[in-house]
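Reading through the structure tokens given below for one structure.
The values are calculated or read from the model by the stated rules, or taken from the named source; none is laboratory data. Quantities reported herein were computed from a predicted structural model and do not represent experimental measurements. Methodologically, a virtual Cβ is constructed for each residue, glycine included, from the backbone with ideal geometry; neighbour enumeration extends over all protein chains shown. The accessibility values were calculated without ligands, DNA or RNA, using every heavy atom of the protein model including side chains. Shrake-Rupley method; radii C 1.70, N 1.55, O 1.52, S 1.80 Å.
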Protein chains: 2
Amino acid sequence: MKAMEAKTLKGGGVTSAQGFQAAGVACGIKSGGEKDLALIVSDVPAEVAAAFTTNLVKAAPVKVSMLHSRNGRIRGIVVNSGCANACTGVGGIADAKTMIDCAARKLKTRPREWLVCSTGRIGNRLPMARVRKGIDKAAEKLAYDNGSEAARAIMTTDTRRKEFAMRFKVDGRKVTIGGMAKGSGMVHPNMATMLCFVTTDACIDKRALRSCVDEAVEQSFNRISVDGDTSTNDTVMVLANGLSGTNLLKSYHPQFTLFKETLVRVMRKLARMIVEDGEGISRVVDVVVKGAINIQDARLAALAVVRSELVKTAWTGGDPNWGRIMAALGYSGARIREEMVEIYYDGLLAVVNGQPSKTPVAKLKKIAGKSKFTITIHLHSGMGEYSILTTDLTEEYVRINKGE
Amino acid sequence: MKAMEAKTLKGGGVTSAQGFQAAGVACGIKSGGEKDLALIVSDVPAEVAAAFTTNLVKAAPVKVSMLHSRNGRIRGIVVNSGCANACTGVGGIADAKTMIDCAARKLKTRPREWLVCSTGRIGNRLPMARVRKGIDKAAEKLAYDNGSEAARAIMTTDTRRKEFAMRFKVDGRKVTIGGMAKGSGMVHPNMATMLCFVTTDACIDKRALRSCVDEAVEQSFNRISVDGDTSTNDTVMVLANGLSGTNLLKSYHPQFTLFKETLVRVMRKLARMIVEDGEGISRVVDVVVKGAINIQDARLAALAVVRSELVKTAWTGGDPNWGRIMAALGYSGARIREEMVEIYYDGLLAVVNGQPSKTPVAKLKKIAGKSKFTITIHLHSGMGEYSILTTDLTEEYVRINKGE
């Protein structure tokens with residue numbers, strides 16, 4: 001069943017699916033002349049499913065997009081970097097709406113068919129004169145092969161573009177799912193200063209799309225952590241314009257699962273790119289908790305480990321200091337029994353029955369010295385499992401974030 | 001009523017109260033020849049109240065001391081630094097008991113009259129031959145003016161001794177409360193890698209002492225945070241030997257409140273010393289939350305702010321980046337309304353109605369550039385208040401903790 005496998009699309013991104021155009025321009029929000037404004041436009045109205053930050057302090061564009069994504073179809077998304085438009089009051093809401101109005105007018109669509117996103121520093125108003133001009137300029141540069149330009153325009157402290165796409169067949173026709181994302185500080189479960197835009201030409205209705213996106217977000221962006229901070233602007237938006245022309249992908253469609261799994265794979269790949277490009281990181285670590293009483297406890301245990309500054313700085317030094325992991329498990333809130341805990345570094349036993357194993361420390365050091373490794377924690381108390389992809393905490397992270 | 005005020009005792013510490021001796025020696029647990037073993041001994045059996053880590057992974061000495069402190073009076077405490085004796089299984093328990101046995105035998109007391117504490121790296125067994133010799137040596141060096149030696153012997157990454165004592169009058173007699181403590185990483189509410197020993201010659205029964213200690217711990221050590229980690233070994237122990245010879249300090253005694261308040265002051269001072277000596281810190285920040293719906297919400301809000309790596313690195317750079325504080329409040333779990341939030345830096349308004357105030361950024365920068373300042377967050381939603389004393393997060397912190 002070769003046709004049922006999804007394949008990675010080399011160089012793919014947010015314009016890989018049929019009928020999506022994008023553009024990225026510099027309009028002067030950022031001081032250095034870098035790109036800071038992007039448009040994503042679908043040729044036809046698209047179904048939308050979105051996930052927004054759980055932070056009670058929500059940026060103005062988040063408030064506006066939450067309303068617009070609830071009903072009706074979407075033609076486009078306008079995004080800026082360099083200013084979060086958060087903590088900006090009613091003026092900020094007006095600015096977000098103006099961004100939508102400009103884009104909608106220029107592209108002869110209705111404002112309610114638009115979504116808006118911002119990312120950058122909190123508390124500053126947008127330079128709206130520049131933003132208006134930027135939107136006009138971007139609209140003129142829209143193209144079907146322009147995803148990379150848009151991916152560059154949404155970057156803040158990211159060091160590289162994050163794009164990924166996959167393609168598979170449904171009813172004999174090609175279906176593509178592609179996307180772009182930005183990190184890279186303030187990344188923690190339940191979103192991050194993190195934006196992700198995914199487009200697909202799949203034929204799917206709003207309800208089915210929403211359930212797929214909910215699951216994909218839970219499996220991807222809710223399982224990464226760089227610094228434990230959840231931002232005011234985090235957003236994942238998925239547009240499905242149906243231009244592949246297949247039968248409708250409902251739960252009884254034989255390829256519905258393939259669609260859902262591919263969406264998860266695309267989002268997981270983008271989430272991993274965010275972690276790998278985390279601010280100043282030197283190590284990417286998969287923290288896997290098994291054998292917890294239930295999934296909630298597994299999650300608590302994993303969260304405590306990935307949030308511990310002591311655990312993360314030990315990784316920076318290549319130190320397999322599992323004692324700090326034991327301490328984090330102990331205060332995590334998960335119901336653990338010290339005597340039952342096993343900890344593995346890349347499959348090598350470090351802790352057994354809550355005490356040091358016989359594995360030579362030199363062997364554990366070798367693993368902790370790698371730029372990628374997996375820590376598996378087995379609590380031997382039940383069937384609950386959870387994993388989080390995280391990073392170490394480096395002097396470089398402090399250096400990046402202490403400046404303005 | 002001059003007699004009712006407590007005065008600071010210059011150079012005071014754990015042997016300032018009548019009838020307490022102490023000693024601190026080097027026995028070779030630490031590799032550098034530094035002091036690593038301390039004894040505190042009361043001439044007569046003393047009432048005891050203690051608070052232990054809430055971490056489910058408890059070090060062996062914590063398990064033993066929890067039992068010994070529950071009933072009966074205490075003659076002495078034996079403490080080592082350089083090894084936490086945590087995650088060491090039944091062997092570790094045996095080691096902790098052996099420490100007690102050695103001390104009790106040497107000083108002709110009963111083992112159940114002793115408490116034991118350890119601090120240092122998790123997962124290593126104690127070098128018991130050295131520890132035994134160290135206890136013998138320390139017992140010979142016990143003296144009534146030796147508190148500083150003991151304070152030095154319990155240090156790990158601390159850069160200075162932490163001692164403090166106050167004296168006041170009850171029924172015409174002098175009563176002294178003195179103590180010593182150690183930090184300095186893994187410091188977070190509900191204890192830290194933090195040990196604190198307080199001695200007093202006050203006449204007080206176990207129940208009254210316990211209630212005073214509970215309140216003092218809540219007002220001091222549970223309100224400091226360096227890095228958000230709660231350790232396996234945290235302990236506060238208070239001994240009251242009654243040698244001041246006053247009437248019993250019960251709740252109806254006119255000076256009972258004075259005793260309680262002085263205990264709070266001594267513990268708060270020691271807690272502040274721990275924060276000020278936090279690993280690699282450059283700033284000490286008082287985070288005060290007011291106007292929360294209740295004290296629980298105030299606590300959640302304060303905890304989120306002091307745990308945010310982004311907030312703490314901004315302080316390191318002297319950046320009054322209140323946007324990161326707003327974001328932390330938003331995900332804290334406290335019920336806040338963005339439009340109601342006010343934030344002050346040392347009394348200077350930075351945020352009003354959730355938006356930037358008219359205070360020039362230069363003025364805020366001047367405050368954030370200081371080595372000590374207060375951030376007051378007013379949520380304008382109720383009467384809940386909570387404050388936590390914390391630090392910034394520096395490159396130096398990472399450097400200290402990434403090594404072994």
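Mind listing just one residue for me: the one in the stretch B:363-381 that is farther than 14 Å from residue B:349 by Cα and among the polar types (S, T, N, Q) and, of those, nearest to the other protein chains (Cβ to nearest Cβ)?
Ranking the candidates gives B:381 first.
Please verify whether the stretch A:309-317 includes one or more residues that are open to solvent by less than 60 Å² (accessible area, probe 1.4 Å), of a type outside the set (S, T, N, Q) and not in a helix (DSSP H, G or I).
The answer is yes; a qualifying residue exists.
Exactly one condition in (1) within 8 Å of chain A (Cβ to nearest Cβ); (2) small (Gly, Ala, Ser); (3) in contact with a helix residue (DSSP H, G or I) (Cβ under 6 Å, 6 or more places away or on another chain) is not met by residue B:327; state its number.
(3)
Given A:208, A:202, which one is under 22 Å from residue A:167 (Cα atoms), in contact with a strand residue (DSSP E or B) (Cβ under 8 Å, 6 or more places away or on another chain) and away from chain B (no Cβ under 14 Å)?
Going through A:208, A:202 in turn, the sole match is A:202.
Of everything in the stretch A:38-88 that's in contact with a Cys (Cβ under 9 Å, 6 or more places away or on another chain) and among the β-branched types (Val, Ile, Thr), which residue is surrounded by the most Cβ atoms within 10 Å (Cβ to Cβ)?
A:77
For the stretch B:147-184, what are the residues that are assigned to a loop (DSSP other than H, G, I, E, B), open to solvent by 10 Å² or more (accessible area, probe 1.4 Å) and either at pLDDT 95 or above or within 23 Å of residue B:396 (Cβ to Cβ) (or both)?
B:155, B:156, B:157, B:158, B:159, B:160, B:161
Looking only at the stretch B:382-398, how many residues end up being within 12 Å of another protein chain (Cβ to nearest Cβ) and either in contact with a helix residue (DSSP H, G or I) (Cβ under 6 Å, 6 or more places away or on another chain) or open to solvent by less than 10 Å² (accessible area, probe 1.4 Å) (or both)?
Selection size over the stretch B:382-398: 7.
I'm checking my understanding of the structure. Among residues of the stretch A:227-267 that are without any contact (Cβ under 8 Å) to a residue 12 or more places away in the chain and hydroxyl-bearing (Ser, Thr, Tyr), which one is farthest from the other protein chains (Cβ to nearest Cβ)?
By that ranking, first place goes to A:252.
So that you can scan it fast, the table gives a plain yes or no per residue for (1) hydrophobic (A, V, I, L, M, F, W, C); (2) outside the structural domain of residue B:148 (by TED's automatic domain parsing); (3) over 23 Å from residue B:149 (Cβ atoms):
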site	(1), (2), (3)
B:65	no, no, no
B:77	yes, no, no
B:89	no, no, yes
B:92	no, no, yes
B:105	no, no, no
B:108	no, no, no
B:113	no, no, no
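Does the stretch B:274-282 include one or more residues that are part of a strand (DSSP E or B) and of a type outside the set (Ser, Thr, Tyr)?
no
This table checks each residue for (1) of a type in the set (S, T, N, Q); (2) within 12 Å of chain A (Cβ to nearest Cβ); (3) in contact with a helix residue (DSSP H, G or I) (Cβ under 8 Å, 6 or more places away or on another chain).
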{"residue": "B:286", "(1), (2), (3)": "no, no, no"}
{"residue": "B:289", "(1), (2), (3)": "no, no, yes"}
{"residue": "B:305", "(1), (2), (3)": "no, yes, yes"}
{"residue": "B:335", "(1), (2), (3)": "no, yes, yes"}
{"residue": "B:345", "(1), (2), (3)": "no, no, yes"}
{"residue": "B:361", "(1), (2), (3)": "no, yes, no"}
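Please go through the stretch A:247-279 and give me each residue that is small (Gly, Ala, Ser) and open to solvent by 20 Å² or more (accessible area, probe 1.4 Å), ordered by number.
A:251, the sole residue that qualifies.
Kindly provide the set of residues from the stretch B:15-71 that are free of Cβ contacts under 8 Å to residues at least 24 places away in the same chain, more than 25 Å from residue B:132 (Cβ to Cβ) and within 21 Å of the chain's Cα centre (by Cα), ordered by number.
B:56, B:70
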